[in-house]
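K.L.:
Take a look at the following structure, please.
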Amino acid sequence: MPIRAEQKEDDHAGRYDSVSARAPDIENLCQAVLSLRDEEECRRFFVDLFTPAELRSFSERWQVARLLDGTRLSYRDIHDKTGVSTTTVARVARFLRDEPHQGYRLVLDRIRNLRDGSKKRTATRRDSKKGTASR
């Protein structure tokens, strides 16, 4: 289904259109991503799917989201650190904090929880080994 000019403009402006986000082509893409087994498969798929500029753009936005979430850097500092425009930084910030779909937030929190869980498991294993060694 082709995208209308006004729909492109709405998407660029950051308005969420739940109808177009559920279009069959988007759902098929989501299913394709969910079928990937690991980081290497994901990388291979993304390199085939995106142009180098698109992939760079997506990865830059993800880096901005991580910086906005994990630091107290200003938009200008993030721009200086990444080269991403302050307009893009502001857009990512708006999607991270204000927009209803909260995709950035979902993934950032999930990654943090996985990392924290992994640290706890490592500490527990280390503690249990110490307890065994002292017996």
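K.L.:
Read phi for every residue in the stretch 57-65 and hand back ³J(HN,Hα) as whole Hz from Karplus 6.51 cos²θ - 1.76 cosθ + 1.60, θ = phi - 60°, with x for Gly and Pro.
P.N.:
4, 5, 5, 5, 5, 5, 4, 4, 4
K.L.:
Going by how many other beta carbons lie within 10 Å of each one, how would you line up Glu60, Glu39, fewest first? Kindly include the intermediate steps, with their values, before the conclusion.
P.N.:
Working: Glu60 17, Glu39 8.
By the 10 Å Cβ count, ascending: Glu39, Glu60.
K.L.:
Neighbour counts of other C-beta atoms within 10 Å: give me Phe46, Phe58, Phe95 arranged from fewest to most. Walk me through the numbers on the way to the answer.
P.N.:
Numbers: Phe46 15, Phe58 12, Phe95 20.
So the ranking, lowest neighbour count to highest, is Phe58, Phe46, Phe95.
Taken together, the values in this text are just the output of simple stated rules run on the coordinates, not laboratory data. Computed from a prediction, not measured in an experiment: that's the story for all the values here. Ideal geometry is used to build each Cβ from the backbone, glycine not excepted, and the neighbour counts take in all protein chains shown.
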